[in-house]
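The values are calculated or read from the model by the stated rules, or taken from the named source; none is laboratory data. Here the structure is a predicted model, which means the values were calculated and not measured. Please note: Cβ atoms are built from the backbone with ideal geometry, for glycine as well, and neighbour counts cover all protein chains shown. Each accessible area value is taken on the protein alone, full model and side chains, heavy atoms only, with ligands, DNA and RNA left out. Shrake-Rupley method; radii C 1.70, N 1.55, O 1.52, S 1.80 Å.
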Amino acid sequence: MKAFNIYLTGVGGQGIGLISEIVLRAVDHSGQRVKSVDTHGLAQRGGIVVSQIRLGDLVHSPLIPAGRADLAISLERHEALRAAATALREGGCLVYYDTVWQPLTVRLGDAAAVTIRDIDHLCRKQGIRVIPVFHPDLPDIRMQNMVVLGAIAGNGLIPGVGLDHYRSAMGDLMSGTMLERNRALFDQRAGK
Amino acid sequence: MKKMGEMLLRRKAFSEIVMGNTALVRAMVEAGTRVVSSYPGSPTPEIAAAIQSIPKADRPFYFEFSTNEKVATELAYGAAVNGHLSTVFFKSVGLNVAADTFVQLGLMNIIGGMVVVLGDDPGANSSQNEQDNRHYAQMSYMPVLEPADPGEVYRFYLEAARLSLRHGMPVILRLTTHVCHAKEKVAFKKWQPAKPDNSPRFDPANGPYIPLTTLAIEKKRIALARLEVVRGHAERTELNRTVDHGNPQRGVIAMGLPFLSLMEILEDTPTPPDILKPAFVHPLPKDRIARFLSSHKEVKILEELDDVLETQIKALAFERKLSVTIVGKTQSEDWIGEYTPEKVHQVLYSCWPDLFEGPPSAQAVDPAPARPAQMCPGCGHRSAFYAIKQALAPTDITVADIGCHTLGFMPPYEMGQLLMCMGASTAMGSGLRLFNTRRKVVAFMGDSTFFHAALPGVVNAVFNAHPITLILMENGTTAMTGHQDHAASGRNFNEVTDKIPVRQVLEGLGVKHIFEVDTYQQARLKDLVIQATAMDEFSVVIARHPCMLKFTREQRRKSGYRQQQVQIDQDHCEHVHACIERFGCPTFSRDAKGGVSINTDLCIGDGSCIQTCPTRAILPAGGKKKRGAA
């Protein structure tokens, strides 16, 4: 099987570690071979956090060759544009949570903020399918990643990975009320 | 929920998806390691996180975060010469701190065995440089094993521990950032805990342990002989890998992550070269490599960072009069950066262009504004830099140190104009003050770093009377690497301890002028810095505020926690932009018309920003009502 590459990104503090671990384990539950790698370190302090997940029997490196991601997942708007432009292949798919954490230069007035139109424009040019998601009145911003996960599962964006695989993966990593709340939101967004 | 601690101690064989750093801990358990020590630093802190997942009472080994890497190394050595298999781990530049002790280890008879785990950082993802620590192994006569993925991390550690114990010599396991942080399914063997032997087995007869003059020379002789024995093992070990594509023309020698990148880019190549991947960087399996060289017309040494393998392999070919063409590094760029798949494509394309359909595609333009790391919302360092900047003249010199506060060098603060390594700021600042009567010098220092390596610099400033000001940015934790405790936080890795208060340490060292303030008191901090820097003696300002990321996380875990946030009174906001342009909390967002709003994803309601607004348009949480009433 040809490799399927997932590039996950966002800003430090958005819960990229958890969604990445869920996707990784969901792929494993689906019986497919998987490798991944996280880039953290300094990035935890409001910098960019990237997690790369690769499916398939012929995958060697956990690092996705540049411009070869099939699916880009971003938890923030600026990072969605960056991922679509630098990591995603032509004709790939971008899912992003439409919240904005302005980078320093935007806040200082030295650069323009990224707009939804910027993303749509780039994606149209590159034949990229775009799925923006947002959930009003979330009780906890740390659940934004579940909204995104729901969209990934609901749209069947990762080949061979079904709703139950995601649910099992969540059960591996969470328990108690945290699991219940996250699973309920996931189910709602996946359109169970 | 799967519990990591339970998994790490499982008796039966099992397979699980783990990070390289976690696989390492299971290997420590299986190997019977008894003592493990470290100082936190990326890419290795998750090793300690995995250790922490095992309840202390069940932990089959002792673990501590020591004061610094040198201390950690000495502790692990002491335990090992007493008969206990030990391991010390730290980041790449940590080895520079440990070096004075480390370079002697290869000379010693370490009866219990000792594995040194290094987390090198090609690409300088989270370090001041991308130094290649393989050089250290050569100068200290120690074997080095280099795994490429989590499965190999597990198997190579077991090998390193066995070898170390058998020969009584230290063995290095060299990891790199994306080997530490890679995840994949690893098959672990069963584990049968052995009854620990706690008896102190140190015996000077196993030595000598005194490396002086003639004794040192004799010890070097033994170390070199041991290394030759290990070379024989390096030739035969099953951990070596060859990938035979039946190509008599071309071969590649590669190790670690670059090997995986190579395999990746050769997937679509019709005539891929053969590959030899030795397990040992040092000592190199010379016969095996010579055989590989002899059976190919041309061999590429694909090597991340420096030319450690290349120079040895070229010497080997010369020595044995082999007619093979050896292609090493051809340009300075080959020495730089992580060997990702596209980097390896580029390096290989420059010598064998016919292997590929074309050169790697040019890096795509990134249309989004850059996102450098930031201090967190509510960070006490932000209040400190905002205030200190007002206390200093633009020509004054500010010296940074390692830690979250290093981020103060960025706009809008630009505080901390030089940086070197852990603990260096006070002495660098002292040097900047010589012959200099016009520009004040202020050095910054974090509290974990203070104990780690800063004390000699502080002692020197007192002893040699350097009239600079040290600002101790005390947040009560080792924040940058994930909130590990340190000597002044009142806890060590294992239990509650007495704090070592920085103020009393400073007093004990003879510092006469010590000021203390919470950084949220910005006006007071500014005044104190003006006072301190006006003195012509060494002075210290302890600028204190707890790490708000840690504090907020702890609060969130409590029941009944409610998120508080400041608000902007748009009727009073005159778009002065002090909050967003000078204070610079990432919570403030700017709209296209110059208006300012609060990012409700980010604000923690700490209110440290309120005092920065000249029109008093920032209201504390629930402040709207209060203001309306007034």
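Counted over chain A with a bin width of 10 Å, the fraction of Cα pairs per bin, in whole percents, is 9, 38, 39, 13, 1. Derived from the Cα gyration tensor, the three semi-axes of the equivalent ellipsoid of the range A:56-152 are 23, 18, 13 Å, largest first. Extension gain, B:Leu434 to B:Asp591: 0.36 nm times the residue separation minus the Cα-Cα distance gives 51.8 nm. Across the cross-link table entries B:Lys220/B:Lys343; B:Lys183/B:Lys300; B:Lys56/B:Lys512; B:Lys185/B:Lys314; B:Lys219/B:Lys499; B:Lys91/B:Lys277, which are compared at the Cα atoms, the separations over 31 Å belong to B:Lys220/B:Lys343; B:Lys56/B:Lys512; B:Lys185/B:Lys314; B:Lys219/B:Lys499. The DSSP beta bridges internal to the range B:84-213 are antiparallel in roughly 0% of cases. On the accessible surface of the range B:380-555, probed at 1.4 Å, how many percent belong to carbon and sulfur atoms? Of all accessible area on the range B:380-555, carbon and sulfur atoms account for 57 percent. The lysines within cross-link reach of B:Lys190, meaning a Cα-to-Cα straight distance under 19 Å and a gap of 8 or more places when in the same chain, are B:Lys2, B:Lys3, B:Lys12. Between B:Ile530 and B:Ser294, the FRET efficiency estimated from the beta carbon spacing at R0 = 56 angstrom works out to 0.15. Model label points for B:His135 and B:Asp306, set 7 angstrom from Cα along the Cα-to-Cβ axis, are 0.3 nm apart. Hey, quick one: spin label on B:Ala205, modelled 7 Å out along Cα-Cβ, who in the range B:55-95 has an amide N within reach, i.e. under 18 Å? Residues B:81-83 qualify, since their backbone N sits under 18 Å from the label point. Once you reduce the range B:408-445 and the range B:525-550 to the center of their Cα atoms, the two points are 14 Å from each other. For B:Lys70, the aspartates and glutamates whose Cα falls under 16 Å of its own Cα, not counting residues fewer than eight places away in the same chain, are B:Asp100.
For B:His575 and B:Lys12, compute 0.36 nm times the residue count separating them, minus their Cα-Cα distance, and round to one decimal in nm.
196.2 nm
Report for the range B:380-555 the percent antiparallel among DSSP-assigned beta bridges with both residues inside it, nearest 5.
Roughly 10 percent of the beta bridges in the range B:380-555 run antiparallel, per DSSP.
A Förster radius of 22 Å combined with the Cβ-Cβ distance from B:Thr271 to B:Arg241 puts the calculated FRET efficiency at roughly 0.65. Considering only DSSP beta bridges where both residues belong to the protein assembly as shown, give the percentage that are antiparallel (nearest 5). Percent antiparallel among DSSP bridges in the protein assembly as shown is about 35.
Estimated from the Cβ-Cβ distance and a Förster radius of 35 angstrom, the FRET efficiency linking B:Phe463 and B:Glu495 is about 0.50. Of the residues B:Thr437, A:Thr115, the one with the largest accessible area comes first in the ranking B:Thr437, A:Thr115, computed with a 1.4 Å probe on protein heavy atoms. Measuring nothing but how far apart in sequence close Cα pairs (under 8 Å, 6+ apart) lie, relative to its length, the range B:562-630 scores a relative contact order of 45 percent. By a 1.4 Å probe calculation restricted to protein chains, B:Val541 has an accessible surface near 0 Å², given to the nearest 10.
Other residues with beta-carbon under 14 Å from the beta-carbon of B:Gly168 carry, at +1 per Lys or Arg and -1 per Asp or Glu, a net charge of +4.
Based on Cβ point charges of +1 for Lys and Arg and -1 for Asp and Glu, what charge dipole magnitude is obtained for chain B about its Cα centre, in debye rounded to the nearest 20? List each step's numbers first, then the result.
On the way: 69 positive and 66 negative charges, 334 e Å.
Using Cβ point charges on Lys, Arg, Asp and Glu, chain B gives about 1600 debye.
Here the spin labels are modelled as points 7 Å beyond Cα on the Cα-Cβ line, and at B:Ile336 and B:Arg162 they lie 4.2 nm apart. Charge dipole of the range A:39-132 (Cα centre as origin; +1 on each Lys and Arg Cβ, -1 on each Asp and Glu Cβ, all else neutral): 80 debye, rounded to the nearest 20.
In terms of Cα to Cα distance under 18 Å, which lysines are near enough to B:Lys389, apart from those fewer than 8 places away along the same chain? Once the sequence-local lysines are set aside, what remains near B:Lys389 is B:Lys440, B:Lys526.
Stokes-Einstein D for the protein assembly as shown at 25 °C, 0.890 mPa s, Kirkwood Rh over Cα pairs, in µm²/s? Write down the numbers at each step before the final one.
On the way: Rh = 28.6 Å.
For these conditions, the coefficient is 86 µm²/s.
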